[in-house]
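Q: Submitted below is the structure of interest, expressed as structure tokens.
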Number of protein chains: 2
Amino acid sequence: MIEAGYLFQQKGYHGVGLSQILERAGVPKGSLYHYFPNGKADLALAAADVAATEVLRIIDASFETAKDYQEGVTTFCYKLAKYFDIHEGKIGCPVSATLLGGPDDAAFRDALKGIFEKWMARITAHAVRLGQPAPDAALNAQRLFLSLEGSWTLARAQRNADVIRNLPSLVC
Amino acid sequence: MIEAGYLFQQKGYHGVGLSQILERAGVPKGSLYHYFPNGKADLALAAADVAATEVLRIIDASFETAKDYQEGVTTFCYKLAKYFDIHEGKIGCPVSATLLGGPDDAAFRDALKGIFEKWMARITAHAVRLGQPAPDAALNAQRLFLSLEGSWTLARAQRNADVIRNLPSLVC
DNA sequence: ATAGGAATAGACCGGTCGGTCTATATTTAG
DNA sequence: CTAAATATAGACCGACCGGTCTATTCCTAT
């Protein structure tokens, strides 16, 4: 399941074959269609959901111990850069590659939209908690999010996470 | 050729079939493999190159008539938002979808890296020409580029170009 | 101990994929 | 006018795609 997510993130929805996923996960086809009757599409949505929740967890872990917003952003970007490096620079935003690359389906689009909103809301909440005025907090969270998505893309093109690590100085 | 580019941009490298491209372009297979002996991969690289050059043209058109950097950014984002709307919100960054979704190939990655660098260099040059100090100009160009990539992604998820139109107030 | 549902296992299917190849049409050069 | 080069056209290929289906194994409740 998590392994499946990595493959989707690396190669995009249409870039991985079902057989490749199943082989890597060590699971036969029967089991997949037992748990996910709609097959690949369901699997991709589930994998994106797992990845999205993991990012939320990283956001919390980064901001909870921070004494101000900037420090939280710095920790957050550092953690994501490390995640990027672990996967050898092949993985960008863990959800957009999976969902935007998939079928042109309302369910996929809405899922992605919802995930992005959750991320920004969570960052905004931490910013407010750390003393930012509410309107600034929302703007800064959006700034961070948009730049982060861009950094993921650029980092993949460069096979180098430095642009992610330098993000805090760019958006704070 | 240009039509092929749109398809790649919408559906990603693996999301379009060769036959679909050829049908839409009204071209038989023989012609494709006459001009692009390496088939789909060559075609994708060429399509990305065409799209990248078009973006450069849009950058120039936006900044040449502007009286300051902010005005150029505003015009630029407006033009891109219009492009986004024309394609019914299905097209994001015209090169990353084509190239990042493709095979895990150094040629693809390097092409993408080169395109991104060209874009940022061009924006930086305009910023300098419009009176920004050189170090600020490069930073602002990167800020704009990263946020723009993010906006393209978010705009697709939302099927709405507003986030692109609001970009100038976020990065200037 | 055993009946019955849940889960595993993978053979199998039609369709489509990217790519090759031969035959025909069109243009260019002498 | 004709021969050679260039470009068009699409039938055809093996491989692999996502998905279905049947057979078997595993677990659990009685």
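Q: Of all residues in region A:19-78, which are assigned to a loop (DSSP other than H, G, I, E, B), more than 16 Å from DNA strand D (Cβ to nearest atom) and not small (Gly, Ala, Ser)?
A: A:THR65, A:LYS67, A:ASP68
Q: In addition: Going residue by residue through region A:120-138, is there one that turns out to be within 16 Å of the chain's Cα centre (by Cα), under 15 Å from A:ALA52 (Cβ atoms) and touching a residue at least 60 places away in the same chain (Cβ under 8 Å)?
A: Yes; the residues of region A:120-138 include at least one that is within 16 Å of the chain's Cα centre (by Cα), under 15 Å from A:ALA52 (Cβ atoms) and touching a residue at least 60 places away in the same chain (Cβ under 8 Å).
Q: Just one of the numbered conditions (1) under 18 Å from the mean Cα position of the chain (by Cα); (2) within 13 Å of DNA strand C (Cβ to nearest atom); (3) charged (D, E, K, R) is not true of B:GLU23; which one?
A: Condition (1) is where B:GLU23 drops out.
Q: Of the residues B:LEU154, B:LEU130, B:LEU139, which is at the interface with another protein chain (Cβ under 8 Å from one of its Cβ atoms) and open to solvent by 10 Å² or more (accessible area, probe 1.4 Å)?
A: Of the residues listed, the single one that is at the interface with another protein chain (Cβ under 8 Å from one of its Cβ atoms) and open to solvent by 10 Å² or more (accessible area, probe 1.4 Å) is B:LEU139.
Q: Take B:ASP105 and tell me if it is under 27 Å from B:ALA41 (Cβ atoms) and touching a residue at least 60 places away in the same chain (Cβ under 8 Å).
A: The answer is yes for B:ASP105.
Q: Give just the number: which of (1) touching an Asp or Glu at 6+ places or on another chain (Cβ under 9 Å); (2) at positive phi does B:GLU88 not satisfy?
A: Among (1) touching an Asp or Glu at 6+ places or on another chain (Cβ under 9 Å); (2) at positive phi, the lone unmet condition for B:GLU88 is (1).
Q: For residues that are within 14 Å of chain B (Cβ to nearest Cβ) and surrounded by fewer than 18 Cβ atoms within 10 Å (Cβ to Cβ), tally how many sit in region A:15-43.
A: Final tally of qualifying residues: 4.
Q: Let me ask you something else. Consider region B:94-105. How many of its residues are at the interface with another protein chain (Cβ under 9 Å from one of its Cβ atoms) and more than 25 Å from B:TYR83 (Cα to Cα)?
A: Of the residues in region B:94-105, 2 are at the interface with another protein chain (Cβ under 9 Å from one of its Cβ atoms) and more than 25 Å from B:TYR83 (Cα to Cα).
Q: Let me ask another. Residues in region A:96-116: is at least one within 12 Å of the chain's Cα centre (by Cα) and at pLDDT below 95?
A: Yes.
The values are calculated or read from the model by the stated rules, or taken from the named source; none is laboratory data. This one's a predicted model, so the numbers in the text were calculated from it and none came from an experiment. With ideal geometry, Cβ positions are generated from the backbone for all residues, glycine too; neighbour counts draw on all protein chains shown. Calculation scope for accessible area: heavy atoms of the full protein, side chains included, ligands and nucleic acids excluded. Shrake-Rupley method; radii C 1.70, N 1.55, O 1.52, S 1.80 Å.
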